[in-house]
Amino acid sequence: MFTGIVEEVGTLVVREDLGRAGESTAAVLRIRADRVLQDVALGDSIAVNGVCLTVTGVDRGTDGAGVWSTDVMAETLSRSSLGSVTAGSPVNLERAVTPHTRLGGHLMQGHVDGIGRILGRVPGEHWEVVRIGLPAELARYVVEKGSIAVDGVSLTVSAVSDVDIAMSDGGPWFEVSLIPTTLRETTLGARAAGESVNLEVDVIAKYVERLLGGRS
């Protein structure tokens with residue numbers, strides 16, 4: 001489990017695609033980091049842009065920083081934006097929570113529900129409003145003042161599209177307001193219109209829907 005409070009922005013230094021020529025069925029990612037490696041062990045979980053991945057190798061320097069490795073299967077590559085990341089890309093990193101961790105964001109599993117797209121950004125004096133388009137099948141789980149994870153960052157939804165208007169005008173969207181700390185300390189500060197982001201909706205909404213017999 002994670003809380004969506006990004007600990008640091010790491011850098012993807014190597015991506016090794018596995019499989020037949022022209023077809024990536026899996027990949028090995030090697031990511032440069034500092035803070036998340038301070039107490040990490042093989043088998044631990046680290047969220048990369050909101051995707052829960054397992055540490056398979058660590059190469060630390062004398063200062064504690066270094067490069068860690070993880071294996072990514074085809075399912076993850078096809079259902080998240082990790083399928084398109086390249087060497088040099090910055091990535092949001094967060095270690096899994098412990099029983100003693102403050103829950104600063106909201107409970108997240110690191111299981112991406114879909115890929116969204118940045119539609120636009122409106123800067124303000126003390127914050128920035130970002131509009132994100134999302135798959136129609138996820139729109140019902142997103143509510144104003146609810147929580148959503150965008151590239152592993154726990155955010156509060158500040159506005160949602162009207163369902164009827166959205167379906168006839170390019171699809172549903174939601175907005176989030178990013179404070180200076182989020183803009184500075186995560187990759188969301190540099191995401192431009194048209195770029196893809198990983199989305200994880202509130203798992204409680206999905207369980208409620210399931211217990212009530214699914215969508216009518």
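The values are calculated or read from the model by the stated rules, or taken from the named source; none is laboratory data. Computed from a predicted structure; not experimentally measured. Cβ coordinates were reconstructed from backbone atoms using ideal geometry, including for glycine residues, and neighbour counts include every protein chain displayed.
Brief remarks on what is shown
- Whichever residue in segment 72-82 is surrounded by fewer than 16 Cβ atoms within 10 Å (Cβ to Cβ) and touching a residue at least 24 places away in the same chain (Cβ under 8 Å) and, among such residues, is farthest from D39 (Cα to Cα): A74
- Checklist (1) of a type in the set (S, T, N, Q); (2) surrounded by 17 or more Cβ atoms within 10 Å (Cβ to Cβ); (3) touching a Lys or Arg at 6+ places or on another chain (Cβ under 6 Å) applied to T11, failing item: (2)
- In segment 184-202, of all residues being of a type in the set (A, V, I, L, M) and buried (at least 17 other Cβ atoms within 10 Å of the Cβ), the one that is nearest to V130 (Cα to Cα) corresponds to L188.
- The condition (being part of a strand (DSSP E or B), among the β-branched types (V, I, T) and without any contact (Cβ under 8 Å) to a residue 40 or more places away in the chain) is satisfied by just one residue among T54, T62, T11: T54.
- Qualifying residue in segment 161-183 (condition: under 19 Å from T3 (Cβ atoms), out of contact with any strand residue (DSSP E or B) (no Cβ under 6 Å at 6 or more places or on another chain), modelled with pLDDT of 95 or more and crowded, with 20+ Cβ neighbours inside 10 Å): yes
- Checking each residue in segment 2-21 for being over 13 Å from the mean Cα position of the chain (by Cα), among the aliphatic types (A, V, I, L, M) and under 18 Å from C52 (Cβ atoms) picks out only L12.
- Top-ranked residue in segment 83-109 [being under 12 Å from R30 (Cα atoms) and among the small types (G, A, S); ranked as surrounded by the most Cβ atoms within 10 Å (Cβ to Cβ)]: S89
- Just one of (1) closer than 21 Å to V150 by Cα; (2) in contact with a helix residue (DSSP H, G or I) (Cβ under 9 Å, 6 or more places away or on another chain) fails for S81. It is (2).
- I31 satisfies every condition listed in (1) on the phi < 0 side of the Ramachandran plot; (2) in contact with a strand residue (DSSP E or B) (Cβ under 9 Å, 6 or more places away or on another chain); (3) part of a loop (DSSP other than H, G, I, E, B) except (3).
- Number of residues in segment 122-138 that are surrounded by 15 or more Cβ atoms within 10 Å (Cβ to Cβ) and either within 27 Å of V72 (Cα to Cα) or at pLDDT 95 or above (or both): the value is 8.
- Flag for H100 being more than 13 Å from the chain's Cα centre (by Cα), assigned to a loop (DSSP other than H, G, I, E, B) and either touching a residue at least 12 places away in the same chain (Cβ under 8 Å) or under 22 Å from S177 (Cα atoms) (or both): no
- The residues listed here are V58, V6; of these, the one that is surrounded by fewer than 17 Cβ atoms within 10 Å (Cβ to Cβ) and touching a helix residue (DSSP H, G or I) at 6+ places or on another chain (Cβ under 8 Å) is V58.
- Within segment 1-27, tally of residues that are closer than 15 Å to T70 by Cα, touching a Ser or Thr at 6+ places or on another chain (Cβ under 6 Å) and modelled with pLDDT of 95 or more: 1
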